[in-house]
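Down below is the structure, laid out as structure tokens.
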Amino acid sequence: MVHIPLRDLAPPDSPRFGGTDPGHARVLAESAAPLPPILVSRCSMRIIDGAHRVLAARLCGYETIAAVYFEGDECDAFMLAVKLNVAQGLPLTVAERKAAALRILRAHPRWSDRAVAAVVGLSDKTVGAVRRRAAAEIPQSTDRVARNGVVHRLDTARGRLRAVELLSADPGATVRAVAHAADISEATVKDARRRLRQGVDPVPDRLRTASADEQVPAKEPATRRYDAVPAMLQRLRRDPSVARTESGRHLLRWLDMPGFDPANRQAAVRNLPDYHVGAVVELARQRAQALLEFARVLEGRGVANRADPPAE
């Protein structure tokens, strides 16, 4: 702690719209308690926290005031001023906190809504609304930096869809290769592939909340969750592990006809490559009622017995 001449102090970069409150400063000046040290930026001598105490000291006729120096740039100094004014002294209004959030978002567009909310004392939803309203003023980013410093991508929905395209085009592609091509993590690729095998949307609902200019295609109804029927059949026909086996050829004939004799369906269930299970389930459901039991057999096949598609 040091004692700084009042004449050396620069005005604060305050988050308050109206600056200092003379009435509050007079209350401090008339108090018998000593004034706590103020916080000052060493590089600019700007008051970060304690503007009312400085005014109170001047009203008391003091020439110096106890202070603690802050080492950091002006942006960090402003954020610290906001955080301190939220936690102590005269509280900032909601409008002042929103204005502070906007300023921080301009300086740190990659910060997550929760990280900014922790500084300004608002909910992350409110900060998100501030971000959306000022989208034209804030540089756009494809990731967010959380409070703990971890970087999270925002466009994993598109990455998941790209991964599905890659896996459909090349079922033997490694997880690492798909992750690199789709610009997502290997864990995300594995999750998208797992969801695809289970016949559910590879993009969870929680990820379909992008802004208007980043919307991913909406989830289709169950009967149209995969590509059109002809395209799915064509992918099955191109796969040698289906087209070049007797059970696979039976399966293709069954799926390409209004109905089929289920006598050999168990063989088809055993020999169908796992990465086609979801598509065949959907195809079977889109066919006549005669195929419904076959689809249920496929769905019931144990996930634990499934293997990754063979490498080409």
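So here's what we get for this one:
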| read-out | value |
| --- | --- |
| Volume per residue that the Cα convex hull of the stretch 68-118 spans, once the total is divided by residue count, Å³ | 82 |
| Other-chain or far-sequence residues with amide H under 5 Å of TRP111's (modelled H) | VAL145 |
| Residues whose placed amide H lies under 5 Å from that of THR64, excluding near-sequence neighbours | LEU6 |
| Estimated FRET transfer efficiency when R0 is 25 angstrom, pair GLU30-VAL94 (beta carbons, to 0.05) | 0.25 |
| Sites ARG238 and SER185, calculated FRET efficiency, Cβ-Cβ separation with R0 30 Å, nearest 0.05 | 0.55 |
| ASP274 versus ASP170: modelled label distance in nm, points set 7 Å from Cα along the beta carbon direction | 2.1 |
| Karplus (6.51, -1.76, 1.60) ³J(HN,Hα), θ = phi - 60°, over the stretch 10-17, in Hz, Gly and Pro reported as x | 8, x, x, 8, 7, x, 7, 5 |
| Using a Förster distance of 45 Å, the FRET efficiency for ARG194-MET45 (Cβ separation, nearest 0.05) | 0.15 |
| Fully extended contour minus Cα-Cα distance, from ARG253 to ASP124, at 0.36 nm per residue | 41.0 nm |
| Stretchable slack from VAL68 to PHE17, in nm (0.36 nm times residue separation minus alpha-carbon distance) | 15.9 nm |
| Portion, in percent, of the accessible area of the stretch 2-144 that falls on carbon or sulfur, probe 1.4 Å | 55 |
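The values are calculated or read from the model by the stated rules, or taken from the named source; none is laboratory data. Please read these numbers as outputs of a predicted model, since none were measured by experiment. Glycine also receives a Cβ, built like all others from the backbone with ideal geometry; neighbour counts cover every protein chain displayed. Note: accessible area is taken over every heavy atom of the protein model, side chains too, but ligands, DNA and RNA are not part of it. Shrake-Rupley method; radii C 1.70, N 1.55, O 1.52, S 1.80 Å.
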